[in-house]
Amino acid sequence: MARLIPFLQEPGRAWILVLAVTLAASLAGVFTLPVLDRDEARFAQATAQMMESGDLVRIRFLDEDRHKKPVGIHWTQLLTVTAGEAVSGALTDRQIWAWRLASTLGAVLAALGAMALANRLLGPPAGLYAGVLLGASVLLGVESGIAKTDAMLAGITVWALYALARLHEADNRTGARVWAVWLWALIALGALVKGPVTPMAAGLAVTTLVIWERRMNWLRPLAFWPGPLLAAIILLPWLVSVQIATDGGFLREMLGQDVGPKLVSGHESHGGPPGYHLLALPALLFPATLFLPAGLHAAITAIRGANPQLARPARLLAVMSLPFWLAFELLPTKLPHYVLPAYPALAIFAAWGLLQWRSTPALWRWLGAGLMMAAGLFLAAVIFLPATRFGGQSVLAGALAAGFLAAVSAAVILSALHRERAAVMCALLASLAWHAAARGVIIPATDLFPSREAAALIQAEGWMTPDVTIRSSYTEPSLAFALRSDIMLMDFPALAAASVDLASEQLLVIDLSRVAADAPEAAFLDTLRAGACALDEIEGFNYSRGRATSLLIARTGDCAAIQEPDTP
């Protein structure tokens, strides 16, 4: 193993290890975790409806327009799901892994982009370390296994910042124009995935750098006409089409009901004070946490003039991360993944700290060690506690958590002994073990997925015939994705009023935890239990609402006509 790292430090080979580590972290849980509520299920269901309807412009969840994010991630998912359908019937059987592969691709782009940027700024050894530290990180790994926008956004944004760095250093007109065109194209692609985030990241970096250096002549190539034209070609055809198709509703609702509220309040109960993202950083950037303080010290030292050759890389990494980070610390709406586009630069700082480890003052090294152990304890709890609280495999979870902590401790001890390469290998193994244990094994085995259990029961009993009407008062989007696009999600009074004819072919899913015992409609439950031709009940925990739930699943109509599902 000691000979492997020098071999892979060569620029032409380093990507192999970066790709392998990123895929190992990303794919943990992709095939075992059921579809997650609520955003993943909504994104996946909207893509499924695009494929079923053939309408690639409008974004809809069931019978409602979903005017929250642009279409880019849905089109990427279309490609991965189409491939999955050809291989294993992914669309027909609602196999969520096929949707998640779009995010896995985004994580790979992010890790390779961090490698390319670090190689450009600090040299090839830094690229290898930055790529693997980002690829194995907790937050990128988690997001790469969820079928939504954020991993792909991080991948596109880091390459946009790479193009910005190349534009900043270009020493001839032709090279500067090439990178300006690339920057325009990547900003447009980022906007097609998640609206203003990539333009915001690039804009804050440019503005801060111009103020810092007090020069802006290097920005002139951005006025080269092919760049804006290419961005318009990428973005405008869909944007104009969706505005026409929705009578102007898409932008109006996205800006007024999604982006706007996040700027002024804790939208959808996702508020948090300044410092929220900083507090979460040690666990979410893990395992780069160990080396990040040393990297920040190296950058601060360079900026202060101790090493003029490294002052420019330090400035670029600072403007690519800190302004973006501060903006989201100040915004009232907070979710951990909002600052993910800043993580590639932080991973490069950590790689820099690894390279400068032996010359770093002890205080900064011990700070990294302390943050690493604190993050390790928190992440070990994420492995162990779900199994004890939600009916999982507690003995196995305890063993995996203990093994994870042993690897974390080994990384810290080896770093204290100045055995940096061994320390980074232990840190990477610890992170990959966490992804495999938490996302791949322990959490999927808990009672946190009532939709999975309901869908499995319905499929096993053969209750979802082609002509059956499906209504559910369990309104989590995961159930819609797990069953069928014509499901009707409604509250219990509406379901009771619509389902009184028990002679009709109906499949009813009722969330008993949301039925008041003294409600007038509660009598419908007695009628249903007496008149349904088949029914069953499952228990679980609805983590979106934070409470246990019991789902009553009933089939009405002529159950004799229901064909038994095929058995192997």
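The values are calculated or read from the model by the stated rules, or taken from the named source; none is laboratory data. Please read all numbers here as calculations on a predicted model, not as lab measurements. All Cβ positions, even for glycine, are placed from backbone atoms using ideal geometry, and neighbour counts span all protein chains on display.
Given the options 77, 95, name the one that is buried (at least 16 other Cβ atoms within 10 Å of the Cβ), within 11 Å of residue 43 (Cα to Cα) and not basic (Lys, Arg).
77
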Every residue from segment 467-486 that is more than 20 Å from residue 54 (Cα to Cα) and more than 21 Å from the chain's Cα centre (by Cα) = 467, 468, 469, 470, 471, 472, 473, 474, 475
key: Among residues of segment 9-48, those that are of a type in the set (Phe, Trp, Tyr) and either at pLDDT 95 or above or in the same structural domain as residue 544 (by TED's automatic domain parsing) (or both), counted   = 2
task = Give the number of residues within segment 446-477 that are aliphatic (A, V, I, L, M), crowded, with 17+ Cβ neighbours inside 10 Å and within 14 Å of residue 35 (Cα to Cα).
result = 3
query = Between a first residue in segment 121-134 that is assigned by TED's automatic domain parsing to the domain that holds residue 311 and a second residue that is surrounded by fewer than 24 Cβ atoms within 10 Å (Cβ to Cβ) and outside any helix (DSSP H, G or I), which pairs have beta carbons less than 6 Å apart while being 6 or more apart in sequence or on different chains?
reply = 124/9; 125/9; 128/9
task = Would you be able to tell me the number of residues in segment 465-488 that are within 16 Å of residue 503 (Cα to Cα) and either in the same structural domain as residue 54 (by TED's automatic domain parsing) or not basic (Lys, Arg) (or both)?
result = 5
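Return a yes/no flag: does segment 86-102 have any residue that is assigned to a helix (DSSP H, G or I), of a type in the set (A, V, I, L, M) and touching a residue at least 40 places away in the same chain (Cβ under 8 Å).
Within segment 86-102, the subset assigned to a helix (DSSP H, G or I) is 86-88, 97-102.
Still in the running and of a type in the set (A, V, I, L, M): 86-87, 98, 101-102.
Imposing the further condition that a residue be touching a residue at least 40 places away in the same chain (Cβ under 8 Å) reduces the set to 101-102.
So far as segment 86-102 goes, yes, one or more of its residues are assigned to a helix (DSSP H, G or I), of a type in the set (A, V, I, L, M) and touching a residue at least 40 places away in the same chain (Cβ under 8 Å).
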request  = May I ask you to list the residues in segment 171-194 that are among the small types (Gly, Ala, Ser) and modelled with pLDDT of 95 or more?
outcome  = 176, 180, 185, 188, 190, 191
inquiry  = I'm checking my understanding of the structure. Among residues of segment 312-371 that are basic (Lys, Arg) and farther than 17 Å from residue 272 by Cα, which one is nearest to the chain's Cα centre (by Cα)?
reply    = 315
note = Listed by first then second residue, the pairs whose first member lies in segment 149-170 and is farther than 13 Å from residue 117 by Cβ and in the same structural domain as residue 190 (by TED's automatic domain parsing), whose partner is in a loop (DSSP other than H, G, I, E, B) and not polar (S, T, N, Q), with beta carbons under 8 Å and at least 6 positions apart or on separate chains, are 149/69
key: Search result, residues across segment 521-552 that are in contact with a Ser or Thr (Cβ under 8 Å, 6 or more places away or on another chain) and assigned to a strand (DSSP E or B)   = 537, 538, 539, 540, 541, 542, 547, 548, 549, 550
task = Under 6 Å between Cβ atoms, at least 6 apart or on separate chains: pull out the pairs that start in segment 220-247 with a residue that is under 13 Å from residue 71 (Cβ atoms) and end on any residue that is outside any helix (DSSP H, G or I).
result = 238/71; 241/57; 242/57; 245/57; 245/58
